[in-house]
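The values are calculated or read from the model by the stated rules, or taken from the named source; none is laboratory data. These numbers were taken from a predicted model, which means no experiment stands behind them. Virtual Cβ from ideal backbone geometry, glycine too; neighbours counted across all protein chains shown. Heads up: the accessible areas ignore ligands, DNA and RNA and are worked out on the full protein's heavy atoms, side chains in. Shrake-Rupley method; radii C 1.70, N 1.55, O 1.52, S 1.80 Å.
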Amino acid sequence: MSRAAGSAPSTPDRLDVDALVGAYHDLEPDPSVAAQRVAFGTSGHRGSAFDRAFNEAHILAISEAIWRHRQARGYSGPLFVGRDTHALSEPAFETALRVLVAHGVDVRVDAANGFTPTPAVSHAILLVNGARTTGPGLADGIVITPSHNPPEDGGIKYDPPTGGPADTDVTRAIQDEANGLLEAGLAGVPVVSLAEARAAARPYDFAGSYVRDLASVVDLEAVRLSGLRLGVDPMGGASLAYWALIGEHYGLDLTVTNDRLDPRFAFMPPDWDGRIRTDPSSPQAMARLVELRDRFDLALANDADADRHGIVTPAGLMNPNHVLAAAIAYLFGGAREWGSEIGVGKTIVSSSIIDRVVADLRRRLVEVPVGFRWFVPGLLDGQLGFGGEESAGASFLRRDGRVWTTDKDGIVACLLAAELTAKTGRDPAALYGGLTERLGDPCYRRIDAPADADRKAALARLSADDVRVAELAGERVVRILTTAPGNGAPIGGIKVETDDGWFAARPSGTEDVYKLYAESFVDEAHLDRIVTEARSIVETAIS
């Protein structure tokens, strides 16, 4: 861990925004270089303009590819476009508008020319479409954000009419089309002037629409009546104006502890490796909010596009897995009158305490690969009441069982923590503590291990037959998975389970590492054994 982690960043580490924006406009990517091509991972295309990985040419090509995709699918409704507070989000937003307006698209942008959280775009799409995915006038959206990534990064992701992350067939088609356009020198990509683009884009009240509708998904009247003292750190992100409006609209005792907007995120404590990230699950990035925990009953945080949540109780920052377990136990333990057929979604690398909570509730568990897109169909048709992943992302149904958002919603996850506390008299950490007393207290760890492209590809191709292991940390192996039990989709790696522990390994889509996840329901020493043996098993299998 960097010695700078958790402390104030020094002046030399701060980003030169003018140079970054200049690089966005001036540097041309070379599509013959893999790192400079369009690459849609689990959350869209991301990169830095300095590395020629997120430049104007990329956004021209991606915007044109999205328009062509819309034409092919017959989407004729509004296209909602939002952006977060990263330095590259504004120029990329302007570039996208110039292409989309040139094609006559009905583009909707924030009425106050403000920033738009990811869940607000999903909410807007679903207000138009409902659960429809076919038919006339379907809306879709674009969110320009690299999520919690460092300030020098930019990002763009596409939401189809389902309102959530696009499936791989869609993102692959957009990616391939965009790269073909780059290779052709962007021939045939029309643009209008920025002034014309801004004049043609139609205003949409993202914040007002989203905030007014929150009472349909969270019991905010109970929060108001409880008098809970809430502190919120938007981490310099798109949720800042939303939290101020939420407090005012619902009469909550809510204090925004940090109202600074700075594309350098210079106010953020460095993360574990000394880099700046708006990661609300990171103890280092959350250090300042944790210091304020005694001032509030709950302290809450979101990342730059508000699709992730951070929950701080008087006991400290909660692990995201613990938040998910507590939320599921509360929602399905009587807080919602959802039918018995409604299930719970989790990713395959999320804690197995969730499995035990769901089994205790006698609910159906749907375990899927990493990526929130796997929860979209279930949330859309109401068959999943909750979907969550270990990286602090979750969404859930409205109180009446209808879809709310089909993308991660860090704002409602935070507000659910407040509802839970108001209505049970126990904060989420206390509720989680009660669960572990009955169901076991897991130790969980995630680490990155070096791996080049060939080794990552080998890991992604593994089958259960390639991992010949009968025991893990002294226990019999009960299951080896390369596909997810909930939907049969490939997990892009391997998961090995025993009765009291497991590990999973999958390649990173953006870095030269593979991610190793491990958990033990015995103790830390047992977890250490699992990690050590897991490294050996994986290294042997991919060498």
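Listing for the model above:
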item: Contact order relative to length of the chain, as percent, for alpha carbon pairs under 8 angstrom and 6 or more apart; result: 13
item: Those residues of region 215-254 whose amide nitrogen sits under 19 Å from the label point placed on Arg14, 7 Å along Cα→Cβ; result: 235-237
item: Cα-projected label distance for Glu94 with Thr532, points at 7 Å along beta-carbon direction, nm; result: 5.7
item: Separation in nanometres of the label points that stand 7 Å from Cα toward Cβ, at Ala525 and Asp355; result: 2.5
item: Kirkwood-based shape ratio for region 228-382, expressed as Rg/Rh from alpha carbons; result: 1.00
item: Accessible surface of the chain, 1.4 Å probe, proportion on carbon and sulfur as whole %; result: 47
item: Within-13-Å neighbourhood charge of Arg438 [Cβ basis; K, R +1; D, E -1]; result: -2
item: Cα centroid of region 284-352 to Cα centroid of region 138-152, whole Å; result: 22
item: Relative contact order (%) - criterion: Cα under 8 Å, at least six apart; region: region 461-543; result: 24
item: Taking region 94-241 and dividing mean pair separation by its residue count, relative contact order in percent (alpha carbons under 8 Å, at least six apart); result: 36
item: Longest to shortest principal axis, alpha-carbon extents of the chain, angstrom; result: 64, 60, 53
item: FRET efficiency, Val477 to Ser340 (Cβ-Cβ, R0 45 Å, nearest 0.05); result: 0.85
item: Expected 222 nm ellipticity per residue - DSSP helices of 4 or more, -39500 (n - 2.57), all of the chain, to 500; result: -10500 deg cm²/dmol
item: Pairs of Cα atoms farther than 21 Å apart, region 170-299, %; result: 62
item: Neighbourhood charge, 12 Å Cβ-Cβ cut-off, centred on Glu64 and excluding it, Lys, Arg +1 and Asp, Glu -1; result: +2
item: Cα pair distances of region 316-391 binned at 10 Å [whole percent]; result: 21, 57, 21, 1
item: DSSP-defined antiparallel bridges as percent of all bridges, region 326-447, nearest 5; result: 35
item: Calculated on alpha-carbon atoms, Rg and Dmax of region 321-463 in Å; result: 15.9, 52
item: By average C-beta atoms within 10 angstrom, highest first, the peptides 512-518, 423-429; result: 512-518, 423-429
item: Separation in nanometres of the label points that stand 7 Å from Cα toward Cβ, at Phe267 and Arg172; result: 4.4
item: Lysine pairs within the chain, Cα separation less than 15 Å, 8 or more sequence positions apart or different chains; result: 5
item: Computed magnitude of the charge dipole of the chain (debye, nearest 20; Cβ of K, R +1, Cβ of D, E -1); result: 940
item: Counted charge near Ser193, where neighbours are those whose Cβ lies closer than 12 Å (Asp, Glu -1; Lys, Arg +1); result: 0
item: Share antiparallel - DSSP beta bridges, the chain, percent rounded to 5; result: 65
item: Difference of contour (0.36 nm per residue) and Cα-Cα distance, Ala470 to Ala72; result: 138.3 nm
item: By average C-beta atoms within 10 angstrom, highest first, the peptides 172-185, 471-484; result: 172-185, 471-484
item: At most 11 other Cβ within 10 Å, DSSP loop - trypsin sites (Lys or Arg not before Pro), region 18-89; result: none
